[in-house]
Amino acid sequence: VKWFGAKGDGKTDDCNAIQAAIDSLPLRGGIVRIPGGSYIVSKTINVGNGNAADSRSTKNGISLIGNGSGQGVHSSAVPTTITAAASMENVISVNGLISDVKLEGLYVSGNLTAKNGVFLHAFIGLQMKDVRISQFTEKGLYILAGEAPTGNYNIYNRFENVNVTSGRDGAECLYMDGCYEASNDTWLTTFTQCVFDTQNGKGSYGAHFKFVDSISFYSCRFTAGEESTGILFDALDNKDFPSGIGFYSCSVSSTKVLEDNDHSIRKQYFYGFSTSNGEMIPDHSRLIGITDTGIPFNFDDLMINGGDVSTLPAKKGLVDIYNNAAWNHYNLAASGAKVGVRINCGGKLSGGKAYLPNYDNSNGTVYIKVYKWDTDYDTSIGGEVLTEYDFVDFQENTWLSFEFPDKLDPGEYLVVFSATTRAGDYGAGIWAQGKTNSVITYYNGSEVDFGVAASLDIK
């Protein structure tokens with residue numbers, strides 16, 4: 001960039017010089033070297049010229065290589081610092097769809113005037129290494145897949161030794177999302193030895209995950225204080241996502257899940273979950289893992305059986321009482337049968353959602369009644385009905401949300417499904433799917449090897 005007039009003296013506005021160096025590259029890209037120094041920029045540095053929708057970047061393979069981010073304790077090298085000097089959306093923006101971008105050896109400072117540090121929008125094969133980001137007001141590392149058409153997703157990307165810190169209230173160090181409407185997600189991406197630290201902020205997040213899946217984190221830290229959160233898993237705008245994120249030997253101060261009756265996360269996995277610095281072990285049923293001391297948490301198969309004693313793990317969140325195996329219907333109205341589900345609630349049993357058949361005519365009623373678990377099935381169902389919900393003449397084969405009029409305290413319960421229908425109608429009932437060991441299922445009092453296509457909301 002010095003060839004194009006950049007000074008790196010902490011006084012000169014080097015924005016145009018850096019941009020000119022990037023724009024001078026051929027279509028196949030190349031390397032822009034930014035020597036050690038302090039580079040002031042008055043507007044966003046753009047890498048690529050796509051709109052992350054119907055216009056792809058005409059240039060790919062662009063590398064911005066600095067002299068280091070200044071993370072080394074004993075390093076004498078002068079780091080490459082890029083600092084925002086005016087109000088702007090992003091300090092650096094990668095505009096795709098674009099491939100094979102590389103950012104290395106940079107310290108990016110928003111100087112509390114830029115909303116976001118580094119914005120990555122619709123990219124493939126990106127590498128980011130030895131990059132430090134701070135002093136942003138909203139998002140530090142902002143990752144977003146592109147809009148329609150389908151294909152503008154983020155894939156095959158690697159991040160190594162990236163350090164994002166913020167003490168700003170309401171800020172997010174790492175934000176990852178896609179475009180749910182266009183089926184463009186962020187996936188198959190790896191982070192190694194990265195830090196996302198928001199411990200001094202209030203209402204802040206180390207990481208915020210939305211329409212993402214198949215992401216891997218190795219030896220990373222998500223640090224938060226008492227008034228912030230290490231990781232937010234957010235399903236409110238994208239059904240069944242985030243999904244399948246793996247954390248290997250990571251430290252996560254705390255976790256939070258955002259769901260409603262129509263939107264829920266899938267399972268995320270933690271291996272060697274650190275507990276050495278007071279990290280809070282996740283209690284949501286889809287945050288599953290093993291601590292660094294070998295203690296498993298939220299495993300569906302944590303069931304101890306001995307004689308007539310069966311102890312189920314306490315569950316919390318939106319808990320599936322089935323898995324995605326083959327479907328089979330049970331016409332409870334025609335048979336007069338009852339299907340019961342025993343569950344151990346780690347919070348208040350509040351409601352849930354169910355997927356029910358009534359055989360195309362929208363007639364019939366499915367009853368959900370809840371009993372306190374007492375010794376065995378027969379004793380329990382002979383007790384008092386604590387709360388119930390009735391689906392009357394419902395739309396079949398769609399997820400129907402329900403809320404119990406009485407919320408039940410933590411404990412073990414028997415949730416019983418039964419049905420009736422009008423004379424001459426075919427019936428109503430439940431869909432059965434694969435068994436999950438979060439619960440025990442009974443058909444007319446006998447334990448069976450299937451689950452009910454429903455989820456229970458335990459707050």
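With respect to (1) out of contact with any Cys (no Cβ under 9 Å at 6 or more places or on another chain); (2) assigned to a strand (DSSP E or B); (3) touching a residue at least 40 places away in the same chain (Cβ under 8 Å); (4) under 24 Å from Leu236 (Cβ atoms), the lone exception for Ile98 is condition (4).
Based on this model, can you work out whether Ser63 counts as in contact with a strand residue (DSSP E or B) (Cβ under 9 Å, 6 or more places away or on another chain), in a strand (DSSP E or B) and modelled with pLDDT of 95 or more? It is true that Ser63 is in contact with a strand residue (DSSP E or B) (Cβ under 9 Å, 6 or more places away or on another chain), in a strand (DSSP E or B) and modelled with pLDDT of 95 or more.
If the condition is being crowded, with 24+ Cβ neighbours inside 10 Å, polar (S, T, N, Q) and under 13 Å from the mean Cα position of the chain (by Cα), then the stretch 173-228 contributes only Thr186. Note on the stretch 270-294: residues that are closer than 23 Å to Trp187 by Cα, hydroxyl-bearing (Ser, Thr, Tyr) and at pLDDT 95 or above amount to 1.
As a summary of the residue check, Tyr371 satisfies the conditions (1) in contact with a Lys or Arg (Cβ under 6 Å, 6 or more places away or on another chain); (2) of a type in the set (Phe, Trp, Tyr); (3) farther than 24 Å from His263 by Cα except for the one numbered (1).
When the stretch 18-33 is filtered for residues that are crowded, with 17+ Cβ neighbours inside 10 Å and under 35 Å from the mean Cα position of the chain (by Cα), the ones remaining, listed by number, are Gln19, Ile22, Gly29, Val32. A residue that is hydrophobic (A, V, I, L, M, F, W, C) and farther than 18 Å from Asn154 by Cα occurs nowhere in the stretch 174-187. Counting only residues that are among the aromatic types (Phe, Trp, Tyr), out of contact with any Asp or Glu (no Cβ under 9 Å at 6 or more places or on another chain) and crowded, with 16+ Cβ neighbours inside 10 Å, the stretch 257-288 holds 2 of them.
Considering the conditions (1) over 25 Å from Ser264 (Cβ atoms); (2) touching a Pro at 6+ places or on another chain (Cβ under 6 Å); (3) charged (D, E, K, R), Asp425 is excluded by exactly one of them, (2). Where strands (runs of 3 or more DSSP E) sit wholly within the stretch 380-459, those with at least 1 residues that are of a type in the set (A, V, I, L, M, F, W, C), within 20 Å of Ala337 (Cα to Cα) and assigned by TED's automatic domain parsing to the domain that holds His329 occupy 385-392, 411-420, 430-434, 440-443, 446-448, 454-458. If you go through the stretch 70-98 and keep only what is crowded, with 19+ Cβ neighbours inside 10 Å, modelled with pLDDT of 95 or more and of a type outside the set (A, V, I, L, M, F, W, C), you end up with Pro79, Thr80, Thr81, Thr83, Asn90, Asn95, Gly96. Summed over the stretch 329-358, residues that are at positive phi and surrounded by fewer than 19 Cβ atoms within 10 Å (Cβ to Cβ) total 1. Is there a residue in the stretch 369-377 that is touching a helix residue (DSSP H, G or I) at 6+ places or on another chain (Cβ under 8 Å) and without any contact (Cβ under 8 Å) to a residue 12 or more places away in the chain? Yes, the stretch 369-377 contains at least one residue that is touching a helix residue (DSSP H, G or I) at 6+ places or on another chain (Cβ under 8 Å) and without any contact (Cβ under 8 Å) to a residue 12 or more places away in the chain.
Selection of the stretch 108-122 for residues being of a type outside the set (Gly, Ala, Ser) and crowded, with 24+ Cβ neighbours inside 10 Å yields Val108, Asn116, Val118, Leu120, His121. Taken over the stretch 25-39, the criterion of being in contact (Cβ under 8 Å) with a residue 40 or more places away in the chain and in a loop (DSSP other than H, G, I, E, B) is satisfied by Gly29, Ile34, Pro35, Gly36. State whether the residues of the stretch 224-232 include one that is β-branched (Val, Ile, Thr) and farther than 19 Å from Asp177 by Cβ. The answer is no, given that none of the residues of the stretch 224-232 is β-branched (Val, Ile, Thr) and farther than 19 Å from Asp177 by Cβ. Candidates Asn152, Asn200: the one that is closer than 22 Å to Thr275 by Cα and not in a strand (DSSP E or B) is Asn200.
Of the residues making up the stretch 314-328, just one is of a type in the set (Phe, Trp, Tyr) and surrounded by fewer than 20 Cβ atoms within 10 Å (Cβ to Cβ), namely Trp327.
The values are calculated or read from the model by the stated rules, or taken from the named source; none is laboratory data. All values derive from a computational prediction rather than experimental measurement. All Cβ positions, even for glycine, are placed from backbone atoms using ideal geometry, and neighbour counts span all protein chains on display.
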